[in-house]
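The values are calculated or read from the model by the stated rules, or taken from the named source; none is laboratory data. Owing to the predicted nature of the structure, the values given are computational and were not obtained by experimental measurement. When we count neighbours, we look across all protein chains shown, and the Cβ atoms used for this are built from the backbone with ideal geometry, even at glycine. Side chains are part of the model used for accessible areas, which takes the heavy atoms of the whole protein and leaves out ligands, DNA and RNA. Shrake-Rupley method; radii C 1.70, N 1.55, O 1.52, S 1.80 Å.
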Amino acid sequence: MKSFTTQMAWRNVWRNPRRSVLTMASVAFAGLILIFMLSWQFGSYDTMINSAVSIHTGHLQVQAEGYHDKRRIGQVVERPDAVAKVVERTKGVDTYTTRASAFSLVSSEDRTYAALVVGIDPEREPAVSTLESLVRKGSFLAPDDGYQALIGRLLARNLKVDVGDEIVLLGQGRDGSIAASAVRVKGVFESGQDEFDRSTVQIPMAAFQEVYAMRGGVHELVVVCESLDSVPAVKQRLASTLPGVEKGLVVLDWKELMPGLVQSIQMDLISGFIFYVILILVVAFSILNTFLMAIFERKKEFGVLLALGSTPGRISRMILAECGVMTGLGIAAGVVLGAAVTLYFEAHGIAFSGAEEILRQFGLPERMYPELSLLSATVGAGVVLLITSFAVIYPALRVLRLRPVDAISTIQ
Amino acid sequence: METQSIVSLSDVTKTYRQGRVQITALDGVSLEVPQGDFLALAGPSGSGKTTLLNLIGGLDRADSGSIRLNGNDLGAMSESELAGMRLEQVGFVFQSYNLIPVLSAEENVEYVMLLQGVAARERREKARAILDDVGLEGMYDRRPAELSGGQQQRVAVARAVVSGPSIVLADEPTANLDSATGRALMDMMRSMNEAKGVTFVFSTHDRMVMDYAGRLIRIRDGRVAGDERREGEAES
Ligand SMILES: Nc1ncnc2c1ncn2[C@@H]1O[C@H](COP(=O)(O)OP(=O)(O)O)[C@@H](O)[C@H]1O
Ligand SMILES: [Mg+2]
């Protein structure tokens, strides 16, 4: 019984091969585009998040409450070692480092610029961020470096300094005193993010503690989790254990630390969504058209079936089976093609000439890669399936309302 | 009414509305069709033959009067009961476009049995046997497009009789055939009637076809204008 009906549906699909192939091609095309685009979006979000996380924020940060908004030098984690011990023991944490920072004036012999001076842990920092690999000239800091500094390429250019030159930092210490010190440029880094390269100086944490009179306090304890997915769980664990170590601390995740990034991802999702809606409408109309045409053309045949004792319900199911065959073939082709195209670009990447500026803002490479995942493949295929199922409802309902005499009166 | 009637119509009327115009297609038709009849409905085009056949087969409903098939009042049946009734008790043959184009001759015949829930093996045996009976042995796998008009009508008749319906309704079955092929089809229907006792009601306006009828009912303007039994007039 089943096989007879499916066989009949199969043959009906091939009655008008050109129309069916076109319909299936539009389903396949939509599947292909959806899978590729979703893979692309998810892939680029991952790249964006990972690079932003690895240059700047880490996955999570432990900070004094209010520091993220006010950035006052006195808002510190007082006992970073004790906090670090807890962090290290927390499940899902990969590694961590500490940072402290202060806005200061940075001067060379004949120029002065405002910059963020960051105290970093030269031993731990390379495991957390890509900073070490960004050093283009000179070398990265070592723990016993004393008063030496890394400086962004654009800031170096503005100050007209190079490796080995001396710069002077002038700011305010934690105690309100004037913090001033000369440091020697040990290395110049270039992240590609102009803002970062124009306004950042890194010095060893030990030097920072002395210059800014931090009394052991740090501003950020930067945490890297085992994966992006484990971030929420780690955040929750830390939020419950930290109050036992030190009061007044908060755990912020990368979304809270970089609201701009989250926003631009949302914008991208929305603009993608609009495109998908248009694409999906095209497919829906193509399915709708195919089946309305088929019903119109096959009215006589349906009349014969009804005269033989078949029911509108059965004929309607046959239409659904035909739609199922077409959609199934279309989606299968779409998944195969979509996966193939995605995998090709996953291997070769796509270069964005002209968009470097925007990409740089997020520290993104000029070549980006889609990322085929079960999610992007199934969401793409699922959405197409859903839409075609919707599109065939109307034709199927029209068949349900078919009265034998109306269908039969076309036979004469 | 010595034998039990398969079909029994009493004072049946049917009016079509086309915009503001009302067309009376049937105007008080009463009729008994006993088991085994080979009955021709004869009348000019537009006299109401098709309408009458559609009403008897439960494809459409009468405006007034009653139609009984094997004693059951069609007017009281739901659409799905009518579909079930058509499936089990009525065979249809139309003037043209009888066969499902994607199904082979054998599958077309099998289709009714499939709906009835007959097992695959039995379907196949019965379908082939009846196709042999109508002279289509060896053409089981041909699609309608690969059959001549006469052959297609034979498949339609085979399909109509295969599961032993109470009555076969044929609406101008020979109208699209040349006269020799038409004769052959009528011969075949006649022999089905004689050998298996299948009751046939067919419409025609062709004198040659009327000559095959065991009983001839003349229809004029939606009324019965004559009802005669004619024995042994068919020639082969
Ligand atoms: N669906 C319909 N709508 C309107 N009028 C119809 C319809 N079907 C048949 N008629 C009219 O009813 C009358 C009888 O038609 P029909 O039963 O087809 O006659 P026949 O089969 O003898 O040619 C004709 O006048 C025809 O025009
Ligand atoms: Mg007619």
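Look at segment B:115-126 and say how many of its residues are within 14 Å of chain A (Cβ to nearest Cβ) and assigned to a helix (DSSP H, G or I). Don't jump to the end; show me each part of the working.
Within segment B:115-126, the first condition is being within 14 Å of chain A (Cβ to nearest Cβ), and the residues that meet it are B:115-124.
Next cut, assigned to a helix (DSSP H, G or I) only: B:115-116, B:120-124.
Adding up the residues that qualify gives 7.
Based on what the data block shows, is B:Pro165 in contact with a helix residue (DSSP H, G or I) (Cβ under 7 Å, 6 or more places away or on another chain), open to solvent by 10 Å² or more (accessible area, probe 1.4 Å), within 28 Å of A:Arg314 (Cβ to Cβ) and in contact (Cβ under 8 Å) with a residue 60 or more places away in the chain?
yes
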Report summary line: By residue number, the members of segment A:179-225 that are among the charged types (D, E, K, R) and under 32 Å from the mean Cα position of the chain (by Cα) are A:Glu190, A:Asp194, A:Glu195, A:Asp197, A:Arg198, A:Glu220
Query raised in the report: Which of the residues that make up segment A:395-409 are within 16 Å of ligand 2 (Cβ to nearest atom) and either open to solvent by 20 Å² or more (accessible area, probe 1.4 Å) or touching a strand residue (DSSP E or B) at 6+ places or on another chain (Cβ under 8 Å) (or both)?
Result: A:Asp406, A:Ser409
Query - Considering residues of segment B:69-79 that are farther than 20 Å from B:Gly222 by Cβ and out of contact with any Pro (no Cβ under 9 Å at 6 or more places or on another chain) only, the residue least open to solvent (accessible area, probe 1.4 Å) - result: B:Leu69
Query raised in the report: A:Val283: β-branched (Val, Ile, Thr) and open to solvent by less than 10 Å² (accessible area, probe 1.4 Å), yes or no?
Result: yes
Query raised in the report: If you go through segment B:97-114 one residue at a time, how many are under 19 Å from the mean Cα position of the chain (by Cα), touching a residue at least 24 places away in the same chain (Cβ under 8 Å) and facing chain A (nearest Cβ under 7 Å)?
Result: 4
Report task. Identify the residue in segment A:243-253 that is part of a strand (DSSP E or B) and not β-branched (Val, Ile, Thr) and, among all such residues, is surrounded by the fewest Cβ atoms within 10 Å (Cβ to Cβ). Result -> A:Leu252
Requested in this report: Among the candidates A:Thr47, A:Thr23, single out the residue that is assigned to a helix (DSSP H, G or I), outside the structural domain of A:Gly217 (by TED's automatic domain parsing) and open to solvent by less than 10 Å² (accessible area, probe 1.4 Å).
Outcome: A:Thr23
Report task. Looking for whichever is surrounded by 21 or more Cβ atoms within 10 Å (Cβ to Cβ), under 29 Å from the mean Cα position of the chain (by Cα) and aliphatic (A, V, I, L, M) here; the options are A:Val76, A:Val83, A:Val93, A:Val53. Which one fits? Result -> A:Val53
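Restricting to segment B:176-193, what's the tally of residues that are open to solvent by 50 Å² or more (accessible area, probe 1.4 Å) and either touching a residue at least 60 places away in the same chain (Cβ under 8 Å) or within 16 Å of ligand 1 (Cβ to nearest atom) (or both)? Please lay out each step first, then the result.
Kept after step one, since they are open to solvent by 50 Å² or more (accessible area, probe 1.4 Å), are these residues of segment B:176-193: B:176, B:178-180, B:183, B:187, B:191.
Filter once more, so that each one left must be either touching a residue at least 60 places away in the same chain (Cβ under 8 Å) or within 16 Å of ligand 1 (Cβ to nearest atom) (or both): B:176.
Selection size over segment B:176-193: 1.
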Query raised in the report: Of the residues A:Ala340, A:Ala351, which is open to solvent by 40 Å² or more (accessible area, probe 1.4 Å) and modelled with pLDDT of 90 or more?
Result: A:Ala340
Query raised in the report: If you scan segment A:295-344, which residues turn out to be out of contact with any helix residue (DSSP H, G or I) (no Cβ under 8 Å at 6 or more places or on another chain) and either on the phi > 0 side of the Ramachandran plot or among the aromatic types (Phe, Trp, Tyr) (or both)?
Result: A:Phe296, A:Tyr344
Query - Scope segment B:194-236; condition within 23 Å of B:Gly164 (Cβ to Cβ) and open to solvent by 60 Å² or more (accessible area, probe 1.4 Å); matching residues - result: B:Glu194, B:Ala195, B:Lys196
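So that you can scan it fast, the table gives a plain yes or no per residue for (1) at pLDDT below 90; (2) part of a helix (DSSP H, G or I); (3) touching a helix residue (DSSP H, G or I) at 6+ places or on another chain (Cβ under 6 Å); (4) farther than 30 Å from A:Val93 by Cα:
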residue: A:Val224; (1), (2), (3), (4): no, no, yes, no
residue: A:Asp229; (1), (2), (3), (4): yes, yes, no, no
residue: A:Leu238; (1), (2), (3), (4): no, yes, no, no
residue: A:Lys255; (1), (2), (3), (4): no, yes, yes, no
residue: A:Met267; (1), (2), (3), (4): yes, yes, no, yes
residue: A:Ile280; (1), (2), (3), (4): yes, yes, yes, yes
residue: A:Ser286; (1), (2), (3), (4): yes, yes, yes, yes
residue: A:Asn289; (1), (2), (3), (4): yes, yes, no, yes
residue: A:Met293; (1), (2), (3), (4): yes, yes, no, yes
**Report entry** Matching residues in segment B:47-70 - criterion: being away from ligand 2 (no atom under 16 Å from the Cβ), part of a loop (DSSP other than H, G, I, E, B) and either among the aliphatic types (A, V, I, L, M) or more than 19 Å from the chain's Cα centre (by Cα) (or both)
**Finding:** B:Ala62, B:Asp63
Report summary line: Apart from one, (1) open to solvent by 20 Å² or more (accessible area, probe 1.4 Å); (2) farther than 19 Å from A:Gln61 by Cβ; (3) modelled with pLDDT under 95 all hold for A:Asp197; the odd one out is (1)
Report task. Could you list all residues from segment B:127-166 that are closer than 21 Å to B:Gly36 by Cβ and not in a helix (DSSP H, G or I)? Result -> B:Val134, B:Val162, B:Ser163, B:Gly164, B:Pro165, B:Ser166
**Report entry** In segment A:13-29, the residues that are within 14 Å of another protein chain (Cβ to nearest Cβ) and not aliphatic (A, V, I, L, M)
**Finding:** A:Trp14, A:Arg15, A:Asn16, A:Pro17, A:Ser20
Report task. Starting from segment B:24-53, keep only residues that are closer than 12 Å to B:Ile167 by Cβ, then list their pairs with residues that are open to solvent by less than 10 Å² (accessible area, probe 1.4 Å) and near ligand 2 (Cβ under 9 Å from one of its atoms) whose Cβ atoms are within a distance under 7 Å, requiring at least 6 positions of separation or different chains. Result -> B:Leu53/B:Ser203
Report task. Identify all residues within segment B:14-67 that are surrounded by fewer than 17 Cβ atoms within 10 Å (Cβ to Cβ), on the phi > 0 side of the Ramachandran plot and either acidic (Asp, Glu) or more than 14 Å from every other protein chain (Cβ to nearest Cβ) (or both); write none if there are none. Result -> B:Gly19, B:Gly28, B:Gly36
